[in-house]
Structures are given as C-alpha cells and as structure tokens.
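Peer 1: Okay, here's the structure, questions in a sec.
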Amino acid sequence: MKKVFFKTFGCRTNIYDTQIMVQNLKDFMTVANEDDADIVVVNSCTVTNSADGSARSYINALNRKDKKVILAGCGAFSKGDELFSDQKVHGVFGHSEKAKINTLLKSSEPFFQLGDLESIDETIVEDFSAKTKAFIKIQEGCDFRCSYCIIPSVRGNARSQDEDKIIEQIGTLADNGFGEFVLTGTNIGSYGKDKSSSIAKLLKRISLIKGVKRVRLGSLEPVQIDEEFLELLDEYWLEKHLHIALQHSNEEMLRIMRRRNALKSDLELFEFISDKGFALGTDFIVGHPGESELIWKDALENFKKFPITHLHGFSYSDRVGTHASTLKDRVAGDVAKKRLKVLEALVSENNFSFRKKYQNNLLVLVEEQKGEYQVGYDQFFNKILIKSEKSLQKEWINIPEYEVKNEANYANFT
C-alpha cells in the first residue's frame, strides 16, 4: 500500500478540504512525514504572491527528493498549468475533484483535472486527524468582487452547503468527541442566500445539537451582520470573539477597493458588539494602490477608534487578473510594512488591555504541548499557556486565576 502525505497551505477551508481528501482515500496509507511518503498532495493557497511562492518552493524541494507530487487547492487554478507543463507535478486537480482522489492517485499517467467551480462537497467528514476542534465548511465561493482579491476566480460564486448535511456532520463529530466547531468557507456570511436560510438560522440549529460546547466563526463581512444575527450575541455557545473584515478605515480607500462596507456603520457595529463583551478581530490591507499618505493618516486616526483586539494585517500583494493590478499610484513596499507595524502595535496594545480588564473565568480548550506549557485558547480566542502535571490535551478546563502578559495569558492548573 503506497503512502501519502498531505501538505496544507492557507486557510481553514483548505484544512477542511484536506480532510475530505483523507476521508476519500481508501487504497493508500496516510503518513505524518513527507519523507515517509511515496506521494505528496499539496493543497495550495493562492491568495497572495507569497502563498504561491511558498507552494512552489515546497514543490521544488519535493522534486529534489524525487517524490511524486500532486497539486490541489486554489493554486491548481492559478499555477497548475505552468507547474504541470514544466513537469514539476505529476497531477493537478481542482476543488470539485477532491472526492475522486483515490482514483486519481492510482493513475500512472500524468493528469490535469480542474473540474468546475460550481460543485459543493458531498463527503460527510467524521474525524479531524490530530485536531482538537472540528472545521465545518458551510459554503463555497464569493459574490463580492473586491479589487485586490483573486479568490472568486479560483473558488467560484457563493453557494451554500445543504443545511441538513451540515447538521448531520456536526452531530457525527460531536458523537465522536468534538466540542468546538469552526464554521468556515470562502464567505460564510453569505450562507443561505441561495437556500432561504441564513448564518443566524443555521447557528440556531447547530446550538441544539448535543455535545456542541462552542461555535467559532470564520470571517464575516460587516454588511452581512443583521438583526437576527445580533440577537445571538448573548448565547453561551457562541465564542466571544468575532472576526469582521474591514479591510480599511478610510472611505475613499474602501471605494477604490470596491468594498461594500462603510466607515460610519462599521464603527457603530464594532462598538455595539464590543459592548456585549466580545473580542473583535479584523482584516486590514495596507499599501493598496491609491493609499496616499493623506489617506493613510486619515485611516490611522479612524482605526484608533475601533475596539479591535485581533488583527490579520497584510501588505498589498499584486495579483494578476484582479482590478487592483491595473491601478497606478503604487505604494512602496517598505512604506506598506511600516504602516502595517503601526497597526499591529495598536492592536497588540488593545488586546493586552482587553485581557487585563476581563477578570472572570476563562473557558479553555487545550490543544497542544509546547515545551513546558500546554497551550489552548479561551472564549475570546486568546492564547493561554498552562503549566500542569496532568495531560490536558483535548480537555475543556475552567481557569479562574491567571497572569496577563503582553504575549499571552499564563496559568497553573492542578
């Protein structure tokens, strides 16, 4: 039986997609180390140039080890043709072909099968190898056309997973011992628009499943958060952390970026949810074409008003095929990096203040051992490092006393 190693780059959606592939692999053995593998499946990301470069470098290293390489994921659409033509990979397949992986990997002949961008997964995932929490892909694709983003080109338009299938999957995973569920997808706030449902309606059904202790959400768009969703903020099972993608805090920049959100309503939304006791994360891109010094200064002053505790910050990365790649008024890379560091410092300070202010019990799911500490995340998606003589991995524990430091919280548990 040949051995297969899966290398996953990128987002939570890719983590889920890898698990679908693993579950459909019947005639091969999966291994935890690439050196032990006959075949390496690279589930790639293409959201930035850096992501493409990482996958390419990894594939080149595998070629030097004489491994049979298969390319999957978003990079199959952006770089698959080139890598296949250069004979860097034995095979390429797209998202719609994941369930066929067992047959594809049996092929002795090179193959190139991108499939379509209209499919929705049929596989019910029953386990997540070496994971403490379960990732649930509730939808695929995106109808937004932001200036900088290539993802709709490699994931397709928004389409929702069948609600009953999601509920069945979470029920199975809960029976298998999982208590935390992370809802993921390309644009999860669009869930249900094609099925007379919504993210809020889905969450209500999930909350009724026995064994569900915490539900965490991937990134939401501000315009997708409606009154029905806001009514759920007091529910105990909803993680007290939401990630809401702003991308910028200057009105002119939002227009240039072809965003659907607006500064005034964004700030009102963040303040409302923050007052409910939530930690709030966001995405922010610096250095997008058109981000003049004047725009940046205004954006920075506006950003300071937002109660943001977690940040996914990025320097603009040019993607061929996007609207932004056609724009002039470029921002120098070193300037963008300096701007990003300013935002990161602000959010780090906000996070430290948030953790110092909160003095109640932390509910922690312990995920892994790192050196002398066992590491987990609390209900606010903040890291906590725990010293204990007990093995706590995959356990839920309450921590009443802990020390707040800049980088994380620390605790002893007996």
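Peer 1: Is it the case that some residue within segment 256-263 is of a type in the set (V, I, T) and free of Cβ contacts under 8 Å to residues at least 60 places away in the same chain?
Peer 2: no
Peer 1: Among the helices (runs of 4 or more DSSP H) lying completely within segment 217-297, list those that include at least 3 residues that are assigned by TED's automatic domain parsing to the domain that holds G185 and in contact with a strand residue (DSSP E or B) (Cβ under 9 Å, 6 or more places away or on another chain).
Peer 2: 263-275
Peer 1: Could you check segment 118-140 and list, in sequence order, the residues that are surrounded by 22 or more Cβ atoms within 10 Å (Cβ to Cβ) and either basic (K, R) or in a loop (DSSP other than H, G, I, E, B) (or both)?
Peer 2: Hits for segment 118-140 are K137, I138.
Peer 1: Say whether the condition of being out of contact with any Gly (no Cβ under 9 Å at 6 or more places or on another chain) and surrounded by fewer than 17 Cβ atoms within 10 Å (Cβ to Cβ) is met by at least one residue in segment 241-249.
Peer 2: No, there is no match, as no residue in segment 241-249 is out of contact with any Gly (no Cβ under 9 Å at 6 or more places or on another chain) and surrounded by fewer than 17 Cβ atoms within 10 Å (Cβ to Cβ).
Peer 1: So, in segment 201-225, of the ones that are closer than 15 Å to I244 by Cβ and more than 16 Å from the chain's Cα centre (by Cα), which residue ends up surrounded by the fewest Cβ atoms within 10 Å (Cβ to Cβ)?
Peer 2: V223
Peer 1: Looking at (1) within 19 Å of I120 (Cα to Cα); (2) touching a strand residue (DSSP E or B) at 6+ places or on another chain (Cβ under 9 Å), can you tell me which one T30 breaks?
Peer 2: (1)
Peer 1: Could you please give the count of residues in segment 365-395 that are closer than 28 Å to P307 by Cα and either in contact with a Gly (Cβ under 8 Å, 6 or more places away or on another chain) or not aliphatic (A, V, I, L, M) (or both)?
Peer 2: Here the count works out to 13.
Peer 1: Can you find, within segment 298-317, the residue that is modelled with the lowest pLDDT among those that are buried (at least 16 other Cβ atoms within 10 Å of the Cβ) and assigned to a loop (DSSP other than H, G, I, E, B)?
Peer 2: Here the answer is S317.
Peer 1: Related question: Does L362 fit the bill of being surrounded by 15 or more Cβ atoms within 10 Å (Cβ to Cβ) and in contact with a helix residue (DSSP H, G or I) (Cβ under 8 Å, 6 or more places away or on another chain)?
Peer 2: When the stated conditions are applied, L362 does not pass them.
The values are calculated or read from the model by the stated rules, or taken from the named source; none is laboratory data. Computed from a predicted structure; not experimentally measured. Note that we place each Cβ from the backbone using ideal geometry, even for glycine, and neighbour counts take in every protein chain shown.
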